[in-house]
Amino acid sequence: MKFSTIRRFIRYYRPHMKLFSLDMLCALVVSIIDLVYPSVAEKIIDSCEGLAAGTGTLTAEGILRTILLLGALLLVIYIVKMGCNMFIAYWGHVIGTRMQGHMRHDVFHHLQTLPLKYYDNTETGTIMSKVYNDLFDVSELAHHAPENFFLAGIMMIGSFVILVQKCWQLTLIIFLFVPIIVAFALFMRKRMHEAFSSCRKKTGEMNADVQNSVSGIRVTRAYTSRDHELDKFDRINGEFVAASSYRYKSMGQFHSGMTFLMDLLYLMALVGGGIFLYRGAITIGAFTAFLLYINSFLKPINMLVALFEQVQEGATGFERFLGLMDEPEEKDDPGAVAVDKVEGTIAFEHVSFDYRDQETIGDDKLLIHDLNIEIPAGKTVALVGPSGGGKTTLCHLIPRFYEISDGRILIDGQDIRSMTRDSLRANIGIVAQDVFLFNGTIRENIAYGNFNASQQEIEEAARRANIHDHIMSLPEGYDTNVGERGVRLSGGQKQRISIARAFLKNPPILILDEATSALDNATEMQIQASLEELGRGRTEIVVAHRLSTVKKADEIIVIDERGVAERGTHEELMEQDGIYAGLYRYQFREA
């Protein structure tokens, strides 16, 4: 990881520094304790050897008493070590989990601020993979990396110091081999990073494919396209398997290579120590302690080898997390002010919109060009015309879901860019064709219009949307769970809940974007009355293909790829006998 990335990673430790310091203290105690055993073993072996050779200073009883005392001391030390390991295992993971929770909090808050163009270009499964899969590995890295690096560092330094005291010549020979191990690890680092990054990417793609397939399961069943979905999944799953195989290949090469190099290191210690023992340069106890300290030296290397894989996992996950966190937020313009309730006069002055400016999917041309429209407060304007003319896009420009390429949009004579986005959107209600209900109760979904609303206000909104009686007929009433995306309700019921939500919000500006086009004629007629009630006294923009629903509009604007083609009341447009009249007669004839 780059230094800037490491610095941003360390920032998440700051709220937990007290607990983190205790964790590091326990790691220090454990590493020091692990250095004690070889010295105790050396003392016991040399004492027994001296007794056997008749050169020792202790009697047999003295040696036995020393062994028991040292054993009791080790027992106490190991009990302390057990407590420290328990603290590390439990609280260390708690630190990682809390950091993960902090990161997930930050990323979810950031997701709420991103412009819609990000969601247009990013699959939901990919986002979910970054929020959950990646951050789990980051939390594991946050827990294990510092304490394992600290443990390894203390044990390696301590082992080196003690080994030098035992036999500096042999220690020097062995440690000259260490740079080879380091060079091999650095050589493998780039390959492993590429493998882990590729695997992460394929995991996100597979999650996105599964999420997309599950969400569209009804379409799959309706069009008997199970084989197509299976083939598509098998392809991405095969790519994931290939990426994972390459990942495990690089891991295998790294682990096997490191194990071989450390075995050579141990072999050098064994052969070299044997030669020094043969020449009488060291005692049997010192030789035994030397081998044990070599183990103490190799143990942190093994620990770092295992950690290396975790670092790759966590670092890749954190880089993907930062990639999401670095996506530019949707920000208010400098000097923007919050507005209260607006009257609702809307004006488009020479407005142009180009999808290319949004870096999103769309036509490679100006979708809206030099558009001029004025909608008086409290009036209803219907936008009609062929598909692809930009009617829905035009509606999305008013709450600044997308940014215009040229011109300006005014509300009550004020440029919407001079208003804060939240205050602007608080004055706009939207009822769309594709109603989205959150997985929760009917009450919660209606309350999206006003989270401070009382139960009485929620019920009143439901009554005005003609859905209250049906809700009360359900066993759990307003506490009925609607299921994912409202799957347990009919299209008409979902649309009425959406209308109740808009009633509760009570906005001065209302946008109806194909609000009834997905409904059958009978249901549309029932809901049309609710929509008329909802639009009363508001500035209303209606996008519709069914022209029978817009006859009563104060003005009808026909929009095609050239811009405003016609405008006027229903009667005026029928008299013009142009595009609108042709569409109306065609629909009437079809009906």
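Odds and ends about this structure:
- The selection criterion, being within 30 Å of residue 148 (Cβ to Cβ), in the same structural domain as residue 148 (by TED's automatic domain parsing) and at pLDDT below 85, does not hold for residue 69.
- Selection from segment 548-562 of residues that are part of a loop (DSSP other than H, G, I, E, B) and over 42 Å from the mean Cα position of the chain (by Cα): 550, 551, 552, 553, 554
- Those residues of segment 482-506 which are of a type in the set (Lys, Arg) and either part of a helix (DSSP H, G or I) or touching a strand residue (DSSP E or B) at 6+ places or on another chain (Cβ under 6 Å) (or both), in sequence order: 485, 494, 496, 501, 505
- Residue match in segment 380-390 (condition: in a loop (DSSP other than H, G, I, E, B), closer than 28 Å to residue 536 by Cβ and among the aliphatic types (A, V, I, L, M)): no
- Summed over segment 169-199, residues that are over 28 Å from the mean Cα position of the chain (by Cα), of a type in the set (S, T, N, Q) and either closer than 27 Å to residue 92 by Cα or not assigned by TED's automatic domain parsing to the domain that holds residue 301 (or both) total 0.
- Restricting 458, 446, 409 to those that are over 26 Å from residue 533 (Cβ atoms) and at pLDDT 90 or above reduces the list to 409.
- Among the candidates 542, 564, residue that is crowded, with 18+ Cβ neighbours inside 10 Å and at pLDDT 75 or above: 542
Residue-by-condition table, conditions (1) surrounded by fewer than 19 Cβ atoms within 10 Å (Cβ to Cβ); (2) outside the structural domain of residue 144 (by TED's automatic domain parsing); (3) out of contact with any Asp or Glu (no Cβ under 8 Å at 6 or more places or on another chain):
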| site | (1), (2), (3) |
| --- | --- |
| 259 | yes, no, yes |
| 265 | no, no, yes |
| 268 | yes, no, yes |
| 283 | yes, no, no |
| 287 | no, no, yes |
| 299 | yes, no, no |
| 310 | yes, no, no |
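- Within segment 449-480, the set of residues being assigned to a loop (DSSP other than H, G, I, E, B) and either loosely packed, with under 13 Cβ neighbours inside 10 Å or under 36 Å from the mean Cα position of the chain (by Cα) (or both) comprises 450, 451, 452, 453, 454, 475, 476, 480.
- Residue that is farthest from the chain's Cα centre (by Cα), among those in segment 145-168 that are among the polar types (S, T, N, Q) and buried (at least 17 other Cβ atoms within 10 Å of the Cβ): 159
- Screening residue 226 with (1) in contact (Cβ under 8 Å) with a residue 40 or more places away in the chain; (2) surrounded by fewer than 18 Cβ atoms within 10 Å (Cβ to Cβ) gives one miss only, at (1).
- Every residue from segment 404-448 that is hydroxyl-bearing (Ser, Thr, Tyr) and in a helix (DSSP H, G or I): 418, 423, 448
Conditions tested, residue by residue: (1) within 35 Å of the chain's Cα centre (by Cα); (2) of a type in the set (S, T, N, Q); (3) at pLDDT below 80; (4) not assigned by TED's automatic domain parsing to the domain that holds residue 91.
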{"site": "7", "(1), (2), (3), (4)": "yes, no, no, no"}
{"site": "33", "(1), (2), (3), (4)": "no, no, no, no"}
{"site": "40", "(1), (2), (3), (4)": "no, no, yes, no"}
{"site": "50", "(1), (2), (3), (4)": "no, no, yes, no"}
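- Test for residue 185: is it crowded, with 20+ Cβ neighbours inside 10 Å and small (Gly, Ala, Ser): no
- Residues of segment 75-127 classified as farther than 20 Å from residue 201 by Cα and among the charged types (D, E, K, R), total: 4
- Taking residues in segment 74-99 that are over 18 Å from residue 21 (Cα atoms) and outside the structural domain of residue 132 (by TED's automatic domain parsing), and partners anywhere that are at pLDDT 85 or above and outside any helix (DSSP H, G or I), not one pair has Cβ atoms closer than 9 Å while being at least 6 places apart or on different chains.
- Subset of segment 113-144 that is among the aliphatic types (A, V, I, L, M) and buried (at least 18 other Cβ atoms within 10 Å of the Cβ) - its residue that is nearest to residue 209 (Cα to Cα): 127
- Candidate set: segment 192-201, residues that are at pLDDT 75 or above and under 20 Å from residue 253 (Cβ atoms); chosen: the one surrounded by the most Cβ atoms within 10 Å (Cβ to Cβ): 196
- Taking residues in segment 565-589 that are acidic (Asp, Glu), and partners anywhere that are in a helix (DSSP H, G or I), the pairs with Cβ atoms closer than 7 Å and at least 6 places apart or on different chains are 566/573; 566/576; 566/579; 566/580.
- Within segment 81-92, the set of residues being within 23 Å of residue 318 (Cα to Cα) and either surrounded by 16 or more Cβ atoms within 10 Å (Cβ to Cβ) or of a type in the set (Val, Ile, Thr) (or both) comprises 88, 91, 92.
- Among the residues of segment 460-477, the one identified as in contact with a Lys or Arg (Cβ under 9 Å, 6 or more places away or on another chain) and charged (D, E, K, R) is 469.
- Hits in segment 481-513 (condition: more than 32 Å from the chain's Cα centre (by Cα) and charged (D, E, K, R)): 496
- Leading residue by the ranking (nearest to residue 184 (Cα to Cα)) among those in segment 260-286 that are without any contact (Cβ under 8 Å) to a residue 12 or more places away in the chain and under 42 Å from the mean Cα position of the chain (by Cα): 260
- Taking (1) touching a helix residue (DSSP H, G or I) at 6+ places or on another chain (Cβ under 6 Å); (2) farther than 19 Å from residue 468 by Cβ; (3) at pLDDT below 80; (4) not β-branched (Val, Ile, Thr) in turn, residue 510 satisfies each apart from (3).
The values are calculated or read from the model by the stated rules, or taken from the named source; none is laboratory data. None of the values given here were measured: they were computed from a predicted structure. As a convention, Cβ positions derive from the backbone with ideal geometry for all residues, glycine included, and neighbour counts pool all protein chains shown.
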